Structure formats: structure tokens, C-alpha cells
There are 2 protein chains.
Amino acid sequence: MDYSLLSRIPLFRGIPVAEIEHIFENAPSFEKMYKKGAVLAEQDEACNRLIILLSGKVRAEMTDPSGKVVKVEDILAPNPLAILFLFGTNSRFPVQATADEDSTALVIPKSSVLGILGKNEVLLKNYLDISADFASRLSQKLYFMSFRTIRQKISMFLLELSRNQASSTVQLGRTKSSLAEYFGVSRPSLERELSNMQHDGWIAIDKKEIAILKKESLVQLVRFGVVK
Amino acid sequence: MDYSLLSRIPLFRGIPVAEIEHIFENAPSFEKMYKKGAVLAEQDEACNRLIILLSGKVRAEMTDPSGKVVKVEDILAPNPLAILFLFGTNSRFPVQATADEDSTALVIPKSSVLGILGKNEVLLKNYLDISADFASRLSQKLYFMSFRTIRQKISMFLLELSRNQASSTVQLGRTKSSLAEYFGVSRPSLERELSNMQHDGWIAIDKKEIAILKKESLVQLVRFGVVK
DNA sequence: CCAAAAGTGTAACATTTGATACATTTGCGA
DNA sequence: TCGCAAATGTATCAAATGTTACACTTTTGG
């Protein structure tokens, strides 16, 4: 078992490898291999163990009641799965995790995790920080979803991207399709609104690169819901 | 300082009063009084302390960039404020907390919290459970917001209310105005859709009481997006 | 018990968005 | 580098939702 792998993930940041080894010395945990296509965790299965992906790639899919896949997230090694859902009064995996390629994972029973966290304050702080960051991202996405119109969402998104950045040109960094999905709107609607904003002279679109031409208009729209 | 108060909040559930006293023995923390109208925490202020409301009532308000109050939540004693935002890489209070009446609070510096959590495994588990539950609720609301039409949201909401309940009649338990706000839709639109569903024979509305008449239709709508 | 405030029900009309379709273009793996 | 799958850009039409307005009812606080 190569604990130096673990030292590279945020959960173990700031903890020397020797210390990590010591932490796991008396904590029941085991390594497990998964062939491509194997299921690491079923959706809605009781979440009674922490799974840390050591090598390979895992696909997390949320299936809605009709059986249609709603959301996909890729998890690359080395990284933990569903860290925030390990606890809670009715903790279940929110997604199905499937190996996208041959993978190995470190599996730690929930009871061990509690003991481990209590033993190392840095590890505890990391765990709490990761949980809080996750919750913050959820909160932000909710705030995001609360905007009424697509133009408002686009404006907010572009302003966020351009924050802490000298240039007024931003890189989307993802496909417009995936952006539409993130916004919860249809792809043609997103394209149309982007076109409209370009026609209005607010932005200039070049592939996945967008130049913000009238930042003031974007700001006003986000702040007041209308412009002028 | 009356630690028996603390034993009544979820964070200290399952911990004897004597043990709570012991926990706080060597942890820096202090009690503070707030007059009605006093501010316990500013929005976006660094979140470097855990505030546990011991008596009184606090109003949590989120202000959007234009200065308009977006959301209000009431916190009654005894309960902690913003427990999930204490940690995280850039932890700040997400709301402004103002005393709605004369209140007292126990204030614990962030560094003490870490030490306390490491010392008592039950407390640690409570903290993690509370965090996870909060995140789950956020997730669920996000799932909720992802429904396209108002009718789908209403259906999902009514099915959730009627779950684990013999009767097919549910009590809204809140005003329709606040429900519209929760859904992120305009009040007239919600009213109209409720009317439509009643005209279609799916539900029967009597004030804040709604009878589910065609549960199958609601289920189908939520599952497949369409009925028949 | 009264008056003011909050909540309700509904209608007409304007806007926004979704669904669908199709022609290109781009990017990636064999 | 070829070919195919994914992504893009755009148009048309239908459906859902927002906005505004107003009359009425219920709740609340003094």
C-alpha cells in the first residue's frame, strides 16, 4: 500500500506520509480492485464507508426515477467519492459510481473514519473544509438557479469568470451544451440568448472565448433585474 | 453558564451535561448579550467563530448586490448559527444575523471548535451529521429546482408531503406566497397552475389543504415529464 | 373589535423558453 | 488522415411563465 498517493489529495494535505501510515495502522481499511464497468457503489445504497479512488477513473451518474441518466461527474484518482454524504441521519450514495477503467480504491468503514478524524486535527480540519466548500458550491449554484432569465444567468456566469482577472475576455472552458445543462435550460435557448446579447453589443463570441463589451450592462442586469 | 441548555440542541445530543461542562472547561469561549437590533454577524464577514444562540431570536438575512433583502430565516434559541460555514477555504458568513429580540449567545473561536470536536467522538459525529444533513437538503432543493414546469414542482412537492402518511390529503403548512417563492416562480403562476390541476381533476384545493385525487398522474409527471 | 396588512383568486396580455428540425463545423479515435 | 460522433448556429412554432391589475378574504396587532 503506497500511502504517498494519499498525501497528494486534499483530504490529507499537510500530513507527512509517515503520519498517514501511522493513522491507518490501527484503522480497519482495505484496498479493492475494480474492473472496468464494475460498480463501486449503487445509487441510494447505504453510505457506510469512505471510498478513496487510488488509481483509475470513476463515473458518477445520478439516475432519476424513470431510469434516465440525469447527471454525470468524473472522478479521477487519487480522490475520494461522495465525502459529504458519508454522514447524515439517512446517509446514502446520491449517485451510482461505476469504474470507467480498471481502478483500485481504498475502502474505509464509516466507524473507522470517525476514529481517524478524532486522532488527527489536521485531517479533521481538512475534512471539515472540504465539506464546507462543497456546501458553498451547492449554495452558489442555488443562488445561480434563482435568477429568472437566461440572460441573467449568462451575465452572472461571465462576471464570475472575469472576476480576479485583468482581461475582459473569458474562456468558457467547457462546451456550450454542458453550460446549457448546468444552467438547466435547453441548448438552443442558451445559444439564442448568447446571440441576442451579441447583437445587443454586450458581448462578442468567438468559439469558446467570450469578450465582455458592456460590463456595466451585465452588472446592472444581475443587480437590478433590468437595464436602464 | 447553564450547560443544560446546550444538551437540548442537536449538536450536543447524546452527551451528558457533565460531559459538556468538561468539554468547555479548557476551551476558550464566552457568553455575549445582544440587545434587540444588534448585529451578531455581518454578511461576508470572516466566519472565525461558532455562535450558539442560547436565548432570544435571531433573524438571518441575505442581501443581494443591489441591497435588496433576498432571504430571511429565523433562528430560535437554543441553536447554532451557520454551522456549516465555519470551515472551508474562504469561510464567511453567508447572511447577516440580527437579534430580533434581546438575546444571548455562546461564542466559540474556530480554533477551539477544532479542539473540542477532536476530544469528543459523539460531538464530532453530531457535527458531521448536521453538516451532511444540511448538504442533503441543499441537494434536494437543487434537484427540485431542476424540474422544468411548475406542475412538476407542485407534483413533486405534494408527493413528498404525502409520503409516509395514510391520508391523501396534505396540509401545505405555509402560505401559497411563500411556496411560490420557494419554487422560484411568481405567485399568480403558482395559483394558476394549482387551479389548472384542480380543473384537470388531479387535486382538490381547500384553503391550505390539498387532496390528491389522481396520485398516478402526479407520479407519472414526476417520473416521465409527461402523462399518458 | 377594528383597521391595516398580508394573503388569495383570477384575468388579460407580454415575454421567455422549450421543442424540433436541419445544415454545418469541430474534434477525436481508429 | 479519414470518418464519424459530438457540438454548434439558427429558424419556426407552441407552450409555459411573468407582469400587472384588481376585487376579495383572512390574519394580525393595537
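The values are calculated or read from the model by the stated rules, or taken from the named source; none is laboratory data. If you're wondering where the values come from, they're calculated on a predicted model, not measured in any experiment. Note: ideal-geometry Cβ built from the backbone for every residue, glycine included; neighbour counts use all protein chains shown. The area values use the complete protein model at the heavy-atom level, side chains included, leaving out ligands, DNA and RNA. Shrake-Rupley method; radii C 1.70, N 1.55, O 1.52, S 1.80 Å.
The table for this structure:
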{"quantity": "At least 30 Å² of accessible area lost relative to the chain alone, listed for region A:197-228 with a 1.4 Å probe", "calculated": "A:Arg223"}
{"quantity": "Simple Cβ-charge dipole of chain B, Lys/Arg +1 and Asp/Glu -1, about Cα centre, in debye nearest 20", "calculated": "940"}
{"quantity": "Simple spin-label estimate for B:Phe224 and A:Glu45 in nanometres, 7 Å along Cα-Cβ", "calculated": "3.0"}
{"quantity": "Charged-residue dipole, Cβ positions (Lys, Arg, Asp, Glu), the protein assembly as shown about Cα centre, Debye nearest 20", "calculated": "1580"}
{"quantity": "Region A:6-143 - Rg over Rh from alpha carbon coordinates, Kirkwood radius", "calculated": "0.96"}
{"quantity": "22 Å Cα-Cα reach of B:Lys125 towards lysines, excluding residues that sit fewer than 8 places from it in its own chain", "calculated": "A:Lys110, A:Lys119, A:Lys125, B:Lys110"}
{"quantity": "Accessible area per residue, Å², region A:1-112 with all protein chains present, probe 1.4 Å", "calculated": "50"}
{"quantity": "Interchain or long-range residues, amide H under 5 Å from A:Ala38's placed H", "calculated": "A:Ala99"}
{"quantity": "Reachable aspartates and glutamates from B:Lys57, criterion Cα separation under 12 angstrom, eight or more residues apart if same chain", "calculated": "B:Glu73, B:Asp74, B:Asp100, B:Glu101, B:Asp102"}
{"quantity": "Region B:45-52 - phi-based ³J(HN,Hα) in whole Hz, Karplus 6.51/-1.76/1.60, Gly and Pro as x", "calculated": "6, 4, 8, 10, 7, 8, 10, 10"}
{"quantity": "CD proxy at 222 nm, helix term only [per DSSP H run n ≥ 4: -39500 (n - 2.57); per residue of chain B; nearest 500]", "calculated": "-12000 deg cm²/dmol"}
{"quantity": "Helix runs (DSSP H) in chain B reaching 24 Å along axis by Cα, Kyte-Doolittle at least -1.0", "calculated": "B:121-145"}
{"quantity": "Accessible surface, 1.4 Å probe, highest first, among residues A:Tyr143, B:Tyr34", "calculated": "A:Tyr143, B:Tyr34"}
{"quantity": "Residues B:His22 and B:Glu101, FRET efficiency given R0 of 41 Å [Cβ-Cβ distance, rounded to 0.05]", "calculated": "0.80"}
{"quantity": "Cβ-Cβ FRET estimate between A:Arg13 and B:Asn90, R0 fixed at 22 Å, reported to 0.05", "calculated": "0.90"}
{"quantity": "Accessible carbon and sulfur surface of region A:147-224 relative to its total accessible area, %, 1.4 Å", "calculated": "47"}
{"quantity": "Average beta-carbon neighbours from other chains, 10 Å sphere, peptide B:110-117", "calculated": "2"}
{"quantity": "Solvent exposure ordering (accessible area, 1.4 Å, most first) of B:Arg163, B:Arg151, B:Arg59", "calculated": "B:Arg163, B:Arg59, B:Arg151"}
{"quantity": "Accessible heavy-atom area order of A:Leu128, A:Leu213, highest first, probe of 1.4 Å", "calculated": "A:Leu213, A:Leu128"}
{"quantity": "Paramagnetic reach from A:Lys110 (point 7 Å along Cα→Cβ, amide N under 18 Å) across region A:86-103", "calculated": "A:86-97"}
{"quantity": "Partner aspartates and glutamates for B:Lys207 [C-alpha distance under 20 Å; skip if fewer than 8 residues away on the same chain]", "calculated": "B:Glu160, B:Glu181, B:Glu191, B:Glu193"}
{"quantity": "Inter-site label distance for B:Ser186 and B:Tyr143 at 7 Å from Cα along Cβ, in nm", "calculated": "3.1"}
